[in-house]
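First the structure, in the form of structure tokens, and then the observations on it.
The values are calculated or read from the model by the stated rules, or taken from the named source; none is laboratory data. Since the model is a prediction, treat every value here as computed from it, not as a measurement. Reconstructed Cβ throughout: ideal geometry from the backbone, glycine too, with neighbour counts over all protein chains shown. SASA here: full protein model, heavy atoms, side chains in, ligands and nucleic acids out. Shrake-Rupley method; radii C 1.70, N 1.55, O 1.52, S 1.80 Å.
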Amino acid sequence: MTGRLWTARVAALVLLLLLLLAVVRLPWAGDLGIHAATVERLRHSLLDPGNPLVDADTPSPYYSPWTVLLGCVAKVTGFSVFVVLRLGALVGLGVLVTGVWRYVRVLSPHPAAPPLALLSLVLLWGTAQFSWSGFLGLHSLALTVAYPSVFALGLAFHLWAWLSRAQGWSARLGCGVLWAVILLVHQFSGVVASLGALAVVCSARTGWRAPGWLAVGLALGVGVLWVWPYYDFFALLGAGDGMNAVHRSLYRDLPGRYWLALVGVAALGVRWWRDRRDVLVLFFALGAVLFAAGGVSGHWSWGRVLPAALVPAQLAVALEAVEAVEAGRRAVRAGWACVLGTALVVGAWAQVGTLGYVVDRGLLPGVVEANYREPWTGYHWITPWVGYGDVVMARKFPSRQIPAYGPYTVAPGYPDFFLRDEGERVAAARAYFSKGAAGGVRRGIVREYGVRWVVDRGDGLRGAEGLRVVTRGPDGQILYEVVG
């Protein structure tokens, strides 16, 4: 077993090294821009940062305990926002790894269990490339390692470990506070953490089953959520319908994205046969039922709870592999080792394109390059002219990145539940860039939103009244200054 243990440890270390190199490169894709913009606003005003994307005085769920801490780091050190995000990514990755390690040690004392669990969580997904914040696949982690979701999931593993062994009032009150912090840091990961915590409580034979302990811990957690000053957490309960369109894709191509996790479902069946109240079985059931309910009812945003079904399945197969060794059953041991080893190899190959985020593309073999997605280039090229707080008129895609450098955009690049005039702003941006828009219409939009700059691709605005070309950027983009 010593050789297999070292193999698991070395493989886990290789994956961690790959993720650390991704932190250094910090590939830009997805939601990195809004997290950078959030830290940038907090750097300039910790107490009243306003909307992170547009020039409006509104609250935002992105102002969480984690981003406030990163904002303090940025303010004190003077580091650029992307340096601060790299530091945050290192901390978040460390919290995730130690959290997995602690929780798996609660479930199994075998020394091979934690590294196998890490490998399973990162590699047992599917063969269709997929990335989303809060999902722990290798490709997804490489792109989201600086997101609050990674830190929140790491705290969730610590919460489950702490809950499993909590003794006394102070420990249980601490669990309530930690639960609230996770919900504030990343609401969707907070739901996953809540289902895992419920599974721990329901599987416990003593201690947490007493209603008094639960009531006190929950009350304290709700109190923390209630007093958080940066946004009204409970107002988000009405935001589900507005998020459905964004999350519908989570219910597409389920076999291709997750089929390798089926070996974990088989392992859960074995655990259920031994113990009807197994914590991982309960956790999986809660996550699977809620995910299925979202698909049946059309509440697509409920798809974000899918890690609550995947995580227990991925942990279960790693634990069954080591427990078969402990039981000394040669045939069972060989079977689990073969199934898990094959699944991990297939999963690693399916996500091999992640190497492109840490190695120059020209060095990648052709078969690897085929699975690599080019990250975004960013908008650093506008910063010599566009200052902090300037308002930029841009289409939706650039609006996801421009605020990361300090400016605002007219319309937010992401849905914003607290921004009441979001619809008007989106309509204004659409009207500004529409073909044949009258000069008076554009001048009115410029005056209403205080627009100083315009970013657009191609020559659609070339020669337009009141605009002067300042510079050209990647992919045929042009920065215009509003004049007159």
**Request:** Give the number of residues within the range 34-76 that are open to solvent by less than 10 Å² (accessible area, probe 1.4 Å) and β-branched (Val, Ile, Thr).
**Result:** 5
**Count of the range 447-462 residues which are open to solvent by 40 Å² or more (accessible area, probe 1.4 Å) and outside any loop (DSSP other than H, G, I, E, B)** = 4
**Complete:** Note on Leu262: of the conditions (1) more than 22 Å from the chain's Cα centre (by Cα); (2) within 19 Å of Leu344 (Cα to Cα); (3) open to solvent by less than 60 Å² (accessible area, probe 1.4 Å), unmet is (3)
**Message:** Of everything in the range 139-163, what is open to solvent by less than 10 Å² (accessible area, probe 1.4 Å), in contact with a Ser or Thr (Cβ under 9 Å, 6 or more places away or on another chain), under 22 Å from Leu355 (Cα atoms) and aliphatic (A, V, I, L, M)? Give them in sequence order.
**Reply:** Leu141, Ala142, Val150
**Complete:** All conditions in (1) surrounded by 19 or more Cβ atoms within 10 Å (Cβ to Cβ); (2) modelled with pLDDT of 90 or more; (3) more than 21 Å from Ser133 (Cβ to Cβ) are true of Leu340 except (2)
**Request:** Need at least 1 residues that are more than 21 Å from Phe284 (Cα to Cα) and modelled with pLDDT under 85 per element, so show me which helices (runs of 4 or more DSSP H) inside the range 188-259 make the cut, counting only ones lying wholly within it.
**Result:** 211-227, 244-247
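Rundown of residues vs (1) part of a loop (DSSP other than H, G, I, E, B); (2) of a type in the set (Phe, Trp, Tyr); (3) touching a Gly at 6+ places or on another chain (Cβ under 7 Å); (4) open to solvent by less than 30 Å² (accessible area, probe 1.4 Å), yes/no style:
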{"site": "Tyr414", "(1), (2), (3), (4)": "yes, yes, no, yes"}
{"site": "Leu419", "(1), (2), (3), (4)": "yes, no, no, yes"}
{"site": "Tyr432", "(1), (2), (3), (4)": "no, yes, no, yes"}
{"site": "Ile445", "(1), (2), (3), (4)": "no, no, no, yes"}
{"site": "Ala464", "(1), (2), (3), (4)": "yes, no, no, yes"}
{"site": "Arg468", "(1), (2), (3), (4)": "no, no, no, no"}
**Complete:** Selection from the range 97-127 of residues open to solvent by 30 Å² or more (accessible area, probe 1.4 Å) and either outside any helix (DSSP H, G or I) or among the small types (Gly, Ala, Ser) (or both) yields Pro109, Pro111, Thr127
**Request:** Count, please, the residues in the range 82-96 that happen to be of a type in the set (A, V, I, L, M) and either open to solvent by 40 Å² or more (accessible area, probe 1.4 Å) or modelled with pLDDT under 95 (or both).
**Result:** 4
**Request:** Evaluate the following for Gly30: is it at pLDDT below 95 and within 21 Å of Phe397 (Cβ to Cβ)?
**Result:** yes
**Complete:** Checked the range 397-450 for anything under 24 Å from Trp28 (Cβ atoms), of a type in the set (Gly, Ala, Ser) and free of Cβ contacts under 8 Å to residues at least 60 places away in the same chain; matches are Ala429
**Asked** Hey, Arg25 hits all of (1) open to solvent by less than 30 Å² (accessible area, probe 1.4 Å); (2) more than 21 Å from Asp390 (Cα to Cα) but one; which does it fall short on?
**Response** (1)
**Within the range 265-290, tally of residues that are open to solvent by less than 40 Å² (accessible area, probe 1.4 Å) and not in a helix (DSSP H, G or I)** = 1
**Asked** Of the residues Ala309, Ala321, Ala316, which single one is open to solvent by less than 50 Å² (accessible area, probe 1.4 Å), modelled with pLDDT under 90 and within 29 Å of Tyr103 (Cα to Cα)?
**Response** Ala321
